[in-house]
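Data first, discussion second: the structure below is written as structure tokens.
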Amino acid sequence: MGVLLVLVALATAASAFLLLEEVSRDGALRRAAVARVRAYRRTGAAKPPQLRHLALSGAWAERVARCAPWRSREATAAELTAAGLAGRLTAPGFIALELVSIAGLALGGLAISAAAGLTPGRSFLVVACLAAFGAIAPRSLLRSRSRRRVDEIRSQLPDTLDLLAIAVTAG
């Protein structure tokens, strides 16, 4: 029971780490890290790639994103662009991130239920609620960031147009 609890806690921590890593990392840094990992593989260098070099992108994200056929890659890519994250995160990477958050929070709910000694009915309720939160939270955060970006653009647009008008009249 204790080993299961530790494994679930580690899986939850890893999914939270990947979520924060994917959202906060700069795209150029991630590409450089992936290039280093590929170089290690080609040269057979003794230094193994670290967990922080592995991002939710590339072939792994493509395979995981196929598990969620209800998510449109085109619509997700458009939402990422609207939020200003198109250079940092790919659509399959975001879909994989959603699935990882669902699984991580469901495992976390299972660990909480096991630690609290809840009945099976209540355990199912805790797991279902946390999995639903894991399904809703990433997309909600993305939409929130998109709305905030649109508001910033709208607030700066009049000043930009004024400067443009001044530049055009000045010649």
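The values are calculated or read from the model by the stated rules, or taken from the named source; none is laboratory data. The model shown is predicted, which means the values in this text are computed figures rather than measured ones. These accessible areas exclude ligands, DNA and RNA; they are computed on the full protein's heavy atoms, side chains included. Shrake-Rupley method; radii C 1.70, N 1.55, O 1.52, S 1.80 Å.
Tabulated data
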{"item": "Protein-only accessible surface order, largest first, of 98, 62 at 1.4 Å", "result": "62, 98"}
{"item": "Chain lengthening between residue 149 and residue 73 when straightened (0.36 nm per residue, less Cα-Cα)", "result": "25.2 nm"}
{"item": "Bins of 5 Å, starting at 0 and running to the largest distance - Cα pair percent for the range 99-151", "result": "5, 22, 21, 16, 12, 10, 6, 5, 2, 0"}
{"item": "Backbone HN-Hα couplings from phi across the range 102-110 [Karplus 6.51/-1.76/1.60, Hz, Gly and Pro as x]", "result": "4, 5, x, 6, 5, 5, x, x, 5"}
{"item": "Solvent-accessible surface ranking, highest first, for 102, 112 at 1.4 angstrom", "result": "112, 102"}
{"item": "Contact order normalised by residue count of the range 63-171, Cα under 8 Å, 6+ apart, percent", "result": "29 percent"}
{"item": "Heavy-atom accessible surface of the range 69-171: percent carbon and sulfur, 1.4 Å", "result": "68 percent"}
